[in-house]
Amino acid sequence: AREEALNAKGLAVAAEGQAKLDRDKAVAEKERADTESATAKAVTDFLNKNLFEQVTGGTQRGTSADVSVSGALDRAAARIDGAFKGQPLVEAGVREAVAGAYLSLLLYDKAAPQIERALALRRGIQGEEGTDVMKATLMMVTIHASQRKFKESAALLSKVVDVYSRRFGPDHVDTLKYSLELATLYTLVENFPKAEVLARGVAEGRRRT
């Protein structure tokens, strides 16, 4: 009877521990969702006020539009510093949005510092391997490659491939995708041995899947 009672107590303790883990996970998920929602709203509000109204002329009658999108972007970018004190993830989101706009205009030199700052902010809070950190890193990979800085681009993409391979497995669709892109970058810098290993691995992974 004592053994049964102890077993029952052990099961109850384990169940309570699991319930606490589930509650903590639910709270963490809600906090993450709230943060993402607040970030998205802040990004939208900032861009509406500091970018789109400049380009469209705003809502006031008689206001002339700024026909230079790049000029409006420059002014919006200049207003980011100090606008989000105590909200580093919001600032990172705004900088990424501005960088994305610069990318669409092929203004890589102006996009780069925005992503560099966003990465610094995210790494300080979300760590080196956070999902949003990986997304920002991939933007930086694109920028470096577009600037023909293939070695720098390959170094960053190599980290992404490593993280995705450990997190999702070597045959995951994104792992294979970024591995092939990395093989392409290695080819561009004439590192053919590494390129071949990666390309063969991707081919084998795709055959398996």
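The values are calculated or read from the model by the stated rules, or taken from the named source; none is laboratory data. All values derive from a computational prediction rather than experimental measurement. Positions of Cβ are backbone-derived with ideal geometry, glycine not excepted, and every protein chain shown enters the neighbour counts. Quick note on the areas: whole protein, heavy atoms, side chains included, nothing else; ligands and nucleic acids left out. Shrake-Rupley method; radii C 1.70, N 1.55, O 1.52, S 1.80 Å.
So for the stretch 98-118 (the condition being in a loop (DSSP other than H, G, I, E, B), in contact (Cβ under 8 Å) with a residue 12 or more places away in the chain, open to solvent by 60 Å² or more (accessible area, probe 1.4 Å) and under 25 Å from Ala145 (Cβ atoms)), does at least one residue qualify? For the stretch 98-118, residues in a loop (DSSP other than H, G, I, E, B), in contact (Cβ under 8 Å) with a residue 12 or more places away in the chain, open to solvent by 60 Å² or more (accessible area, probe 1.4 Å) and under 25 Å from Ala145 (Cβ atoms): present.
Any idea how many residues of the stretch 174-191 are in contact with a helix residue (DSSP H, G or I) (Cβ under 9 Å, 6 or more places away or on another chain) and open to solvent by 40 Å² or more (accessible area, probe 1.4 Å)? Qualifying residue count for the region: 9. Does the stretch 81-88 include one or more residues that are within 15 Å of the chain's Cα centre (by Cα), over 20 Å from Ala145 (Cβ atoms) and surrounded by fewer than 18 Cβ atoms within 10 Å (Cβ to Cβ)? Within the stretch 81-88, one or more residues are within 15 Å of the chain's Cα centre (by Cα), over 20 Å from Ala145 (Cβ atoms) and surrounded by fewer than 18 Cβ atoms within 10 Å (Cβ to Cβ).
Taken as a whole, the structure places Ser64 among residues that are loosely packed, with under 12 Cβ neighbours inside 10 Å and modelled with pLDDT under 80. Taking the stretch 129-209 and the helices (runs of 4 or more DSSP H) fully enclosed by it, the elements with 2 or more residues that are within 27 Å of Thr35 (Cβ to Cβ) and out of contact with any strand residue (DSSP E or B) (no Cβ under 8 Å at 6 or more places or on another chain) are at 131-146, 150-168, 173-188. Of the residues that sit in the stretch 37-60 and are open to solvent by 60 Å² or more (accessible area, probe 1.4 Å) and at pLDDT below 75, which one is farthest from Asp132 (Cα to Cα)? If we take residues in the stretch 37-60 being open to solvent by 60 Å² or more (accessible area, probe 1.4 Å) and at pLDDT below 75, then Gln60 is farthest from Asp132 (Cα to Cα). The set of residues in the stretch 177-202 being in contact with an Asp or Glu (Cβ under 9 Å, 6 or more places away or on another chain) and of a type in the set (Phe, Trp, Tyr) consists of Tyr186 alone. Any residue in the stretch 75-97 that is under 14 Å from Ala40 (Cβ atoms) sitting within a Cβ distance under 6 Å of a residue that is of a type in the set (Ser, Thr, Tyr) and part of a helix (DSSP H, G or I)? List the pairs, counting only those 6 or more apart or interchain. Note: pairs meeting the criteria are Leu89/Thr39; Val90/Thr39; Gly93/Thr39.
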